[in-house]
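The values are calculated or read from the model by the stated rules, or taken from the named source; none is laboratory data. As the structure is a computational prediction, the values presented were derived from the model and not from experiment. Cβ placement follows ideal geometry from the backbone for every residue including glycine, while neighbour counts extend to all protein chains displayed. Accessible surface areas use protein heavy atoms only, side chains included; no ligands, DNA or RNA. Shrake-Rupley method; radii C 1.70, N 1.55, O 1.52, S 1.80 Å.
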Amino acid sequence: GMGCAGSKEEAPREKVAVYAPPANAVPAYAPPAPAPAAPPAYAPNPVVAAAPPPSTSPAAKGKITAFGVHITVLRSFATDHPGITTEDFCKKFIKPETSGRLCAYIDLIRDKRTLSNKPYVAPATCFVSHAWRCKFADVVDCLVQHEAKFRDTYFWFDLLCNNQHEIDNNAKDFHWFCTTFKESIHEIGRVLIIMTPWDNPIPLRRAWCLFEMFSAVNVNADMHVGIPSSERAAFKAALDKDFRAIMEVLVKVDAANALCSQEEDRQKIFNVIRTQISGGFDTLNSTVKNHLRQWYLDMCLELAEETDDPGFLYYTGAALRDFDNAASMRVFEKCLAMYEKADDETGVANACNVLGYSYSRSGEYDKALQFYGRCLPVYLRTSNDIGAGSTYDAMGLAHKAKGSLDVALDCFGKALHHLIKGGHAAVEGIYEHQGQVYLQQNNPSLSLECHKKQLETATRTQGPGHLYTANAHGCLGEVYLAIGDKAQALQSFQTNLRLKRGLIGEMHPTTALTYGKVGQLLEETGDLAGARVHFDIAYRAAKQNWGDSDVDTVRFQRDLKRVTF
């Protein structure tokens, strides 16, 4: 389960640990929205370099030299042509401008230089992977950001570097893309992938874009992600609305869902990714997620640095917690200082609440209890039963982690009282925590009673298909396992797995742990084929999320080998 069946869960119940935000209540988890309709067909970006001057022609060496353009050229284009897509810019400007010579645009500017005497055209140092249906100005904005970090970059940008009059008649076969194209990526050495919009990037939905990402991974090119500055506003709005939205974006990333206008091409691309990258789609997904995660982290920190709104800092810190707990604590501390300066008692209490949770998450339970001790009296004095209930619950978790089980049970009892008094019906998390403590105290009958209440409450308040309901099934599985009822345990874990697979995907870390549980039970019942399937998925997901050396990755790999003949 999300809290009961996983060694990776630092705090079993994140939901009830933060009941008192400054303004809006923390939204409940919702399953990912369906992907939007596929955009029009996207063609690959073949590196068909315009012919260089005869003195530098590499033809004798049998390889392509890709030339790129200076950012000055691109910046002026974006300023003069705002609001249109790259595809439209090609039709309305590039093709008419080059129609006299029927050449690539860079052939028209080879002899030009910038005001600082830099050539407009030079050997490319960065390959640009993008979708032509994106706004041209957004793509250029990403290149400007990149050039600010890597001065004097020359961008291989297919729009300008390919002869657009010949491109339709100069299609390369798939073997060319798997050989010469990849060699060109290797020669350039760096790939910039334009990810827009931030919450559902088009390149992740287009198979040819994935092939460019694959090529970068396959030849160990330096990969970077570019996201337009205009996306900052949308990103900030998402933080204000639901700070969990960011993690949900990462959970949804799955390159295996990409589309292509030609199914034959899609199958060829997928086959190459599966066979030529160690780990196949898992490795590609992990690589893309790491780059997106870093952008999200950087953006949260930038926004936190700029704002003077402690309420926004509260949500930013909550979002950061999914990526970097230490960074989120720094944001919460800034939030606390602002509330203290404003003499905002409620704000101080809320900031202390989340700081206590963050310290608890990092294993500093005594420090966490100090912060909970600051916010609890405020909630009690102001009759904030929801705040008091959430704090008692968090204190119970800290005492549970310290081994003070009786104190923990007392805290959970008070949490239940205040939350129900405050009108908060969704108290399944408190029953979960009580059940866990009773199981630790070797009292499985009371534990089973608590987890049955957890399931009943989650089903009634959240619905039978909700993530919290899935969690309750997993917790029941743990109790049945403890009392030796393996048939009931298997049924509970399978229900948990079915729900989580549909809600958060089979590669989610908590889903991986449940795959391992089901695999173990299937192995014990003699279903080795079923166990093998479940251990295989558990191993691949653990490797993607935690790496080769993680204790669960090693364990699942050992399990898989044991049932593989």
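Residue-wise test of (1) in contact (Cβ under 8 Å) with a residue 24 or more places away in the chain; (2) open to solvent by 30 Å² or more (accessible area, probe 1.4 Å); (3) under 27 Å from the mean Cα position of the chain (by Cα).
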site: 319; (1), (2), (3): yes, no, yes
site: 327; (1), (2), (3): yes, no, yes
site: 332; (1), (2), (3): yes, no, yes
site: 348; (1), (2), (3): yes, no, no
site: 358; (1), (2), (3): yes, no, yes
site: 362; (1), (2), (3): yes, yes, yes
Looking only at the stretch 541-558, filter to residues that are out of contact with any Asp or Glu (no Cβ under 6 Å at 6 or more places or on another chain) and of a type in the set (Gly, Ala, Ser); which one of those is least open to solvent (accessible area, probe 1.4 Å)? 541
So, in the stretch 412-438, how many residues would count as being hydrophobic (A, V, I, L, M, F, W, C), open to solvent by 10 Å² or more (accessible area, probe 1.4 Å) and part of a helix (DSSP H, G or I)? 2
Residue 408: modelled with pLDDT of 95 or more and either over 21 Å from residue 503 (Cα atoms) or touching a Pro at 6+ places or on another chain (Cβ under 9 Å) (or both), yes or no? yes
Every residue from the stretch 79-92 that is within 30 Å of the chain's Cα centre (by Cα) and hydrophobic (A, V, I, L, M, F, W, C): 84
Scan the stretch 504-523 residue by residue and report those that are modelled with pLDDT under 95 and either open to solvent by 20 Å² or more (accessible area, probe 1.4 Å) or farther than 20 Å from residue 285 by Cβ (or both). 505, 506, 507, 508, 509
List the residue pairs whose Cβ atoms are under 9 Å apart, where the first residue sits in the stretch 85-102 and is open to solvent by 70 Å² or more (accessible area, probe 1.4 Å), the second is in a helix (DSSP H, G or I) and of a type in the set (Asp, Glu), and the two are 6 or more positions apart or on different chains. 101/107
Condition check: touching a Lys or Arg at 6+ places or on another chain (Cβ under 8 Å), small (Gly, Ala, Ser), modelled with pLDDT of 95 or more and in a helix (DSSP H, G or I). Does residue 337 satisfy that? no
Could you tell me which of the residues 472, 529, 538 is open to solvent by 10 Å² or more (accessible area, probe 1.4 Å) and either outside any helix (DSSP H, G or I) or modelled with pLDDT of 95 or more (or both)? 529
Limited to the stretch 66-88, what total is found for residues that are over 21 Å from residue 126 (Cα atoms) and assigned to a helix (DSSP H, G or I)? 3
On the given criteria, is residue 340 open to solvent by 60 Å² or more (accessible area, probe 1.4 Å), on the phi < 0 side of the Ramachandran plot and in contact with a Leu (Cβ under 8 Å, 6 or more places away or on another chain)? no
Checking the structure you have, find out if any residue of the stretch 186-202 is of a type outside the set (A, V, I, L, M), more than 21 Å from residue 125 (Cα to Cα), loosely packed, with under 15 Cβ neighbours inside 10 Å and at pLDDT 80 or above. no
Does the stretch 377-394 include one or more residues that are of a type outside the set (Lys, Arg), in contact with a Gly (Cβ under 7 Å, 6 or more places away or on another chain), open to solvent by 20 Å² or more (accessible area, probe 1.4 Å) and not in a helix (DSSP H, G or I)? no
Being free of Cβ contacts under 8 Å to residues at least 24 places away in the same chain and either open to solvent by less than 20 Å² (accessible area, probe 1.4 Å) or in a helix (DSSP H, G or I) (or both) is the filter here, so list the residues in the stretch 439-452 that pass it. 445, 446, 449, 450
Filter result for the condition that a residue is within 23 Å of residue 265 (Cβ to Cβ), open to solvent by 10 Å² or more (accessible area, probe 1.4 Å) and touching a residue at least 40 places away in the same chain (Cβ under 8 Å), over 207, 221: 221
Within the stretch 429-461, which residues are closer than 18 Å to residue 496 by Cα and among the aliphatic types (A, V, I, L, M)? 448, 455, 458
